[in-house]
Amino acid sequence: MQRITMTIDDDLLAALDHLIQRSGATNRSEALRDLLRRALNHQTAADHCCIGIVSYAVDPAQRNLGQRLPQMRQERHDKTVAALSVPLDHDSSIEVAILRGRVDEVENYANGLFLERGVRHGALALVPVQEHVETHHHGGKPHAHRHLKVKTSFA
């Protein structure tokens, strides 16, 4: 393991120390290693398979947004696993879309969605998965099923 020296401004250091307290990391080195691993893992995973959980708040009264968002999901019907819309009040709802596909495809969808006028507070979580095809015998004719197995990382 290599030791490095780093210069960081006071506000960023305070934010790091706050993150350490919240996350349970035992020291700054551990927290920085974890942050770097996550950032680098995510950057190198463009062609890997994932499940993406896209969550965002919307103003459903925004012009045609109530039609555009479902249409965007419909255009990806083969990638959409589920979608949920929960009204919060008269002006906002929370929506969640779960997609499967390559990391770059899911990220592109989420980033395009977050740019829509009326979409606020968007977030994307990625779960690395591996596609696995198995043949099953359920008392009848053998048939293949596609399964997604959750991986520990995109590596």
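The values are calculated or read from the model by the stated rules, or taken from the named source; none is laboratory data. Predicted model, so just to flag it, every value in this text is computed and none were measured. Methodologically, a virtual Cβ is constructed for each residue, glycine included, from the backbone with ideal geometry; neighbour enumeration extends over all protein chains shown.
Given GLU30, GLU75, GLU95, which one is surrounded by 15 or more Cβ atoms within 10 Å (Cβ to Cβ) and of a type in the set (Asp, Glu)?
Unique residue meeting the criteria: GLU95.
Being within 23 Å of LEU148 (Cα to Cα) and touching a residue at least 60 places away in the same chain (Cβ under 8 Å) narrows it down to one of ALA45, ALA57, ALA82, so name that one.
Of ALA45, ALA57, ALA82, the one residue that is within 23 Å of LEU148 (Cα to Cα) and touching a residue at least 60 places away in the same chain (Cβ under 8 Å) is ALA45.
Consider the range 102-125. How many of its residues are surrounded by fewer than 19 Cβ atoms within 10 Å (Cβ to Cβ) and touching a Cys at 6+ places or on another chain (Cβ under 8 Å)?
The number of residues fulfilling the criteria is 1.
Suppose the filter is assigned to a helix (DSSP H, G or I) and either among the basic types (Lys, Arg) or farther than 27 Å from ALA39 by Cα (or both); does LEU113 pass it?
no
For the list (1) touching a residue at least 60 places away in the same chain (Cβ under 8 Å); (2) loosely packed, with under 12 Cβ neighbours inside 10 Å, I need the number of the one condition that GLY139 fails.
Against the list (1) touching a residue at least 60 places away in the same chain (Cβ under 8 Å); (2) loosely packed, with under 12 Cβ neighbours inside 10 Å, GLY139 comes up short only on (1).
Could you say whether any residue in the range 140-152 is under 23 Å from ALA39 (Cβ atoms), assigned to a strand (DSSP E or B) and either assigned by TED's automatic domain parsing to the domain that holds ARG76 or hydrophobic (A, V, I, L, M, F, W, C) (or both)?
Looking through the range 140-152, at least one residue is under 23 Å from ALA39 (Cβ atoms), assigned to a strand (DSSP E or B) and either assigned by TED's automatic domain parsing to the domain that holds ARG76 or hydrophobic (A, V, I, L, M, F, W, C) (or both).
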